[in-house]
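The values are calculated or read from the model by the stated rules, or taken from the named source; none is laboratory data. Treat the numbers as computed from the prediction; the structure is a model and nothing was measured. Here the Cβ positions follow ideal geometry from the backbone for every residue, glycine too, while neighbour counts run over all protein chains shown. Areas reflect the complete protein model, heavy atoms only, side chains present, ligands, DNA and RNA absent. Shrake-Rupley method; radii C 1.70, N 1.55, O 1.52, S 1.80 Å.
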Amino acid sequence: MTKKIYYFLFLTSITFLMMSCDANEPIEVEVKSEEISILANEVSDNLTINSAEKIEGTIPVASEKIPFTVVNPEKFAFLNEGFNVELNFEPNKVAGAYFQIKANDGTLANSFYKIDLSNVSLDKNESLKLDIDFKSTMSVGTFCYVITLYDPNGGVSDSVDICVTIKNWGGNDSLLGVWDYTKTENLTAGTSGFFDVVGDNECTPQRIKIHTDELKDYETCDIIESSVVEFKADGTYEWKVSGKKDYFSLLKSLNEGVPSFDAKSSSYSYVLKGNWSYIESESRLVMYEYNTEKEDLGKVVINNIVVGEALYFANGTTEVSTDNFTLTQDLSNLSDVFKVLDGVKLKQYFTKR
């Protein structure tokens, strides 16, 4: 789960950058939320946590002031994927964490997890993500967890309680069916306009140094010919994209090694498969990618992702009507990994077939 990325935007937006709704009123969507309380022991027995030892009993009582915060606690988790617990604390003063499951009624699990963090190296103001994975036998529903930190001398911090809802796949019947992606709107501050418009030939200026003192200007162009996603009732999706790109290959002639450019054109296609879930309270669509098959420059690349390590294909708020839906995503929270995404906000448009 630690590898989760908003992969959709790299394949349709970031990658292509680098190389209308009708009068229908939005439909009120009623989706039954997962409101079942899961027994604490059931949750605890279905967790997988790296560098953790499961111990019978309850977390030791607080004995030291060890300041820490849970950063942007994740309120939702997904079957087979689990969730992250992001911690911020003072480096070199923490040896580990205690983690215990608690049911909604306050009943604690019969055991807790002792997570070794002694080998973790953090810079100041850097946070740490604990990867909490689910076994395949985990149920949907809600639960809470209690987390504390301990120092090298055995001192224990005060605890923090967080509640989580495990969502099932699928969840919004209005999204079921086949949708044509049409364009992306740039909502990033200081920018405007559309890109990755299906059917438009979009070109990007390039410059390359071919001699010590000579620069060559050229363009690479890309046209998305088709981009279609199907949301299925079993909570799976399939996204098919095809297009064509024009580019130049830098060649060296046999005479004195003088460089030249060879114009080329190539078709590409890729198919993405995974699971989707809809969070009713936030009008949020979450998509995980498990399989990618891409054909480009005559090569076919297939990538299968292990369950529990899936990539976010999309994670954003939606507006759904009978014939259209939009997906808006703010990528600022990924800027610590991908600086280019700092402040980036994009909106994708889809029409129903």
With +1 at each Lys and Arg Cβ and -1 at each Asp and Glu Cβ, the charge dipole magnitude of region 72-113 around its Cα centre, to the nearest 20 debye, comes out at 120
Output for region 264-309 (equivalent-ellipsoid semi-axes, sqrt of 5λ from the C-alpha gyration tensor, Å, descending) is 29, 14, 5
Row for region 294-353, column shape: gyration tensor on C-alpha, a ≥ b ≥ c, rounded if a/c < 1.5 i.e. under 1.5, prolate if a/b over b/c, else oblate; value oblate
Among Lys54/Lys102; Lys183/Lys294; Lys264/Lys299, the pairs whose Cα-Cα distance exceeds 19 Å are Lys183/Lys294
Taking a ≥ b ≥ c as the square roots of the Cα gyration tensor eigenvalues, with a/c under 1.5 meaning rounded and otherwise prolate when a/b beats b/c or oblate if not, region 54-136 comes out oblate
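Estimate the FRET efficiency between Asp246 and Glu280 by the formula 1/(1 + (r/R0)^6), using the beta-carbon distance for r and 51 Å for R0, to the nearest 0.05.
Numbers: r = 44 Å, r/R0 = 0.86.
For Asp246 and Glu280, the calculated efficiency is 0.70.
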A chain fully extended from Thr351 to Asn153 at 0.36 nm per residue, minus the present Cα-Cα distance, gains in nm 65.3 nm
Semi-axes a, b, c in Å (a largest) for region 113-190, each sqrt of 5 times a Cα gyration tensor eigenvalue, come to 38, 23, 12
Place a point 7 Å from the Cα of Phe338 in the direction of its beta carbon; the residues of region 282-315 whose amide N falls under 14 Å from it are 289, 311-315
Taking 0.36 nm per residue of separation between Asp180 and Phe195 and subtracting their Cα-Cα distance, the length gained on full extension comes to 3.9 nm
Rounded to the nearest 10 Å², the 1.4 Å probe accessible area of Thr188 is 20
Taking a label point 7 Å from the Cα of Thr58 along Cα-to-Cβ, the residues of region 79-107 whose backbone nitrogen sits under 17 Å from it are 98-107
Per residue convex hull volume, Cα only, region 153-244, in Å³ is 322
Length gained if Lys93 through Thr326 is fully extended, taking 0.36 nm per residue and subtracting the Cα-Cα distance, is 79.3 nm
